[in-house]
Amino acid sequence: MHGTVFCGSWSSFLNGVRRERGPRASLRLRSPALHSREMKMAILAAGQGSRLRTETGGRPKLLVDVAGRSLLDRQLDIARRIGAEPLVVTRPELAGEFRRMGMEVLVEEEPAGILGTLYHARGALDETFCWLAGDMLFTDPVPMAELVAAHLEQERTASFFYCRTDHFKLKLRPGPAPEVVVTRESGYSLSIPNFHVQSPKVFSYMAPDPHGNFLQDLIAAGEPILAREYPARVFEIDTPEDLAEARRFLGASGG
């Protein structure tokens, strides 16, 4: 399943932009300018990163080295590929370091989970935007640019990737009535890494409870949602073991 549109049902779908096969993949957009101004890409980095403190020394997790480049550098590559303007949403004590790097920064005074951080940033995200978790490392930015282009062209409310693993906290259960489940339990065939493209409309679904399962609410309401399988490796860098695995993979692949 290369692409799937949820409009209250699960159906196979091939449309929009497609990835060329082979080592030199290129992006072909049907429409080069599909939004009125540069899209924002919110990088949600308000966590404490306590489990990586031996690697970070108290500095932002985004600055940790992964095979010769920082996690932030790799995420900025995604922003450039998409044509998006990065916005770092972070804790007060970490904001200064990002500002000294010339980044646009939004401070969350009292961080309360990744979705709370996203909801906190809603005032800066008043047009179609994308966001990703600061601890996510996507190893190929090309499918991400394709997802953004398809989302804009097809005017979806929300778009996301799924992976054939149960590693990520958001699980996806396909079927006639697709379901998103928030759990760390194993036993699911698909899960959703934290890179999303969304309309500001999603914040109205988050308003009753910013920490709730707003993706499932969107599906239940019949909102048009695009889901695609991410074909490359994704790392969620939360522990020294996660970091070591990402370094081994990227070191071996020359990434």
- Just how large is the dipole of the range 63-146 about the Cα centre, in debye to the nearest 20, putting +1 at every Lys and Arg Cβ and -1 at every Asp and Glu Cβ? 180
- Along each of its three principal axes, how wide is the spread of alpha-carbon positions in the range 64-116, in whole angstrom units, largest first? 31, 23, 22
- What is the set of long-range amide H partners of E104 at a cut-off below 5 Å, with H atoms built 1.01 Å from backbone N? V88
- Note on the structure: Along the dipole axis of the chain (charges at Cβ: +1 for Lys and Arg, -1 for Asp and Glu; origin at the Cα centre), the most positive-end residue among G175, T139, P92 is T139
- Can you list the HN-Hα couplings for the range 242-250, worked out from phi with the Karplus curve (6.51, -1.76, 1.60; θ = phi - 60°), rounded to whole Hz and with x for Gly and Pro? 4, 5, 4, 5, 5, 5, 5, 5, 6
- Task: Enumerate the calculated ³J(HN,Hα) couplings along the range 213-220 in order (Karplus 6.51 cos²θ - 1.76 cosθ + 1.60, θ = phi - 60°), each rounded to whole Hz, writing x wherever the residue is Gly or Pro.
- Result: 8, 5, 4, 5, 5, 4, 4, 4
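In the calculated pair distance distribution of the chain, what percentage of Cα-Cα distances lie above 23 Å?
50
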- Note on the structure: Exposure-ranked with fewest Cβ neighbours within 10 Å first, S70, S159 stand as S70, S159
- Item | the range 168-193 versus the range 66-112: alpha-carbon centroid distance in Å | 28
- Item | Hz values of 3J(HN,Hα) by residue in the range 136-153 - Karplus curve (6.51, -1.76, 1.60), Gly and Pro given as x | 8, 10, 8, 8, 9, x, 4, x, 6, 5, 5, 5, 4, 4, 5, 4, 5, 5
- To the nearest 20 debye, what charge dipole does the chain have about its Cα centre, counting +1 at the Cβ of each Lys and Arg and -1 at the Cβ of each Asp and Glu? 760
- With viscosity set to 1.306 mPa s and temperature to 10 °C, compute the Stokes-Einstein D of the range 106-255, Rh being the Kirkwood radius across alpha carbon pairs; µm²/s, no decimals. 97
- Item | Contact order relative to length of the chain, as percent, for alpha carbon pairs under 8 angstrom and 6 or more apart | 26
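Evaluate the relative contact order of the range 54-166 (contact order divided by residue number), counting alpha-carbon pairs under 8 angstrom at least 6 apart; express in whole percent.
Computed over the range 54-166, the figure is 23 percent.
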- Item | Residues of the range 184-225 with amide N under 16 Å of a point placed 7 Å along Cα→Cβ from E127 | 198-201
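Every number in this text was worked out from the coordinates using simple rules, so none of it is lab data. It should be emphasised that the depicted structure is a prediction, and the values quoted were computed from it without experimental measurement. Don't worry about glycine lacking a Cβ; one is built from the backbone with ideal geometry, like all the others, and counts go over all protein chains shown.
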